[in-house]
Amino acid sequence: MIKSKDDLKRYLEMDKIAYHTERKRPKIIGDEIWKYLIILRKHEYYVNVKKGGLSKIIRKYYAFKHQYLGMKMGYEIPVNTCGGGGKIIPFRFHNHSPSSENRRLVRIAAGRHSRSGNIA
């Protein structure tokens with residue numbers, strides 16, 4: 001659980017390490033999972049730490065952005081449910097019925113990750 005600005009920075013750094021990247025920020029086009037995790041962490045920060053007047057508006061913005069990206073990508077990860085360094089690994093299930101859409105199951109892996117993306 002994120003309890004301070006330092007915790008937020010530490011969680012974001014652990015998430016960046018989990019995705020094996022040296023970039024400071026996600027790409028403008030692509031890196032949707034990393035963008036989703038950043039929004040999730042900032043939403044957690046404003047839910048847990050910031051309680052002031054302007055912070056309520058910012059918290060509502062991150063709540064909207066979190067929900068919007070989640071619906072767009074097919075994820076639903078509530079705040080304060082995963083620790084730092086989590087990696088979202090999507091699995092697709094294709095249902096051959098013409099009336100149903102493709103569905104996703106998301107597994108959140110935590111811990112040290114090898115280069116192949118598996119938990120070491």
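The values are calculated or read from the model by the stated rules, or taken from the named source; none is laboratory data. All values derive from a computational prediction rather than experimental measurement. Every residue, glycine among them, receives a Cβ derived from its backbone with ideal geometry; neighbour counts consider all protein chains shown.
Worth a mention:
- Selected residue (only one of Lys42, Lys72, Lys65, Lys87 is within 22 Å of Gly30 (Cβ to Cβ), charged (D, E, K, R) and in contact (Cβ under 8 Å) with a residue 60 or more places away in the chain): Lys87
- Just so you know, in region 1-54 the residues that are under 16 Å from Val79 (Cα atoms) and acidic (Asp, Glu) include one that is nearest to the chain's Cα centre (by Cα), and it is Asp15.
- Every residue from region 38-53 that is of a type in the set (Asp, Glu) and at pLDDT below 90: none
- Check on Pro98, modelled with pLDDT of 85 or more and either of a type in the set (Phe, Trp, Tyr) or part of a loop (DSSP other than H, G, I, E, B) (or both): no
- Matching helices (runs of 4 or more DSSP H) fully within region 1-74 where at least 2 residues are closer than 26 Å to Ile89 by Cβ and touching a strand residue (DSSP E or B) at 6+ places or on another chain (Cβ under 9 Å): 5-18, 32-48
- Set Lys72, Lys35, Lys16, Lys65: member being crowded, with 18+ Cβ neighbours inside 10 Å, on the phi < 0 side of the Ramachandran plot and either at pLDDT 85 or above or in contact with a Phe, Trp or Tyr (Cβ under 6 Å, 6 or more places away or on another chain) (or both): Lys16
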